[in-house]
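Please treat every number below as a calculation from the coordinates, not as lab data. Just so you know, these numbers come straight off a predicted model, no measurement behind them. Note that we place each Cβ from the backbone using ideal geometry, even for glycine, and neighbour counts take in every protein chain shown.
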Amino acid sequence: MKKVEAFIRLEKLEDIKQILNTLDINGMSISQVMGCGNQKGWKEFIRGAVVDVNFLPKIKLELTVLDEQVESVIEHITQTARTGEVGDGKIFVSEVSEAIRIRTGERGDSALTRSNDTK
């Protein structure tokens, strides 16, 4: 299992959610975050002083997928999020040693797959 964390532009979220749905990815977490990197911020005047605003709004998308899904997920996120401009984002992939579905106690890969019993 792998954890995929993608930092993307806000306007790309809906397209990426639709693409992941076609891959049968049924669970993800989404957070609004602020970040900085190669994309520069802007300057603001606050009470007569120039202030550099270096942190820009981004979306952090987190999902845990089966090993055999990870390359497809990365490829689809990359293709959908890419504009070719600085600030398109980054994807980080890390190993997940265990997953547990709290409701049923299922562990491992079966905790990630869609459950037939959705009560």
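When the residues of the range 46-74 are filtered to those that are within 14 Å of the chain's Cα centre (by Cα), in a strand (DSSP E or B) and of a type outside the set (S, T, N, Q), the one that is farthest from Lys17 (Cα to Cα) is Pro57.
Scanning the range 5-14 for residues that are surrounded by 14 or more Cβ atoms within 10 Å (Cβ to Cβ) and part of a helix (DSSP H, G or I) turns up Lys12, Leu13.
Given the condition small (Gly, Ala, Ser) and under 14 Å from Ile8 (Cα atoms), answer yes or no: does some residue in the range 89-109 qualify?
Checking the range 89-109: at least one residue is small (Gly, Ala, Ser) and under 14 Å from Ile8 (Cα atoms).
Are any of the residues in the range 33-51 of a type in the set (D, E, K, R) and closer than 30 Å to Thr113 by Cβ? No, the range 33-51 contains no residue that is of a type in the set (D, E, K, R) and closer than 30 Å to Thr113 by Cβ. Once the range 46-74 is narrowed to residues that are surrounded by fewer than 11 Cβ atoms within 10 Å (Cβ to Cβ) and of a type in the set (Asp, Glu), the residue that is nearest to Cys36 (Cα to Cα) is Asp52. Looking only at the range 79-107, which residues are surrounded by 15 or more Cβ atoms within 10 Å (Cβ to Cβ) and out of contact with any Lys or Arg (no Cβ under 9 Å at 6 or more places or on another chain)? Across the range 79-107, the qualifying residues are Ile91, Glu106. Of all residues in the range 76-106, which are within 19 Å of Ile30 (Cα to Cα) and among the acidic types (Asp, Glu)? Asp88 - this is the single residue of the range 76-106 that is within 19 Å of Ile30 (Cα to Cα) and among the acidic types (Asp, Glu).
Can you confirm whether the range 35-54 contains a residue that is within 30 Å of Arg101 (Cβ to Cβ), in contact (Cβ under 8 Å) with a residue 40 or more places away in the chain and out of contact with any Lys or Arg (no Cβ under 7 Å at 6 or more places or on another chain)?
Pass one, the range 35-54, residues within 30 Å of Arg101 (Cβ to Cβ): none.
No, there is no match, as no residue in the range 35-54 is within 30 Å of Arg101 (Cβ to Cβ), in contact (Cβ under 8 Å) with a residue 40 or more places away in the chain and out of contact with any Lys or Arg (no Cβ under 7 Å at 6 or more places or on another chain).
The set of residues from the range 75-98 being touching a strand residue (DSSP E or B) at 6+ places or on another chain (Cβ under 8 Å), in contact (Cβ under 8 Å) with a residue 24 or more places away in the chain and either basic (Lys, Arg) or not in a loop (DSSP other than H, G, I, E, B) (or both) comprises Ile77, Ala81, Gly89, Lys90, Ile91, Phe92, Val93, Ser94, Glu95.
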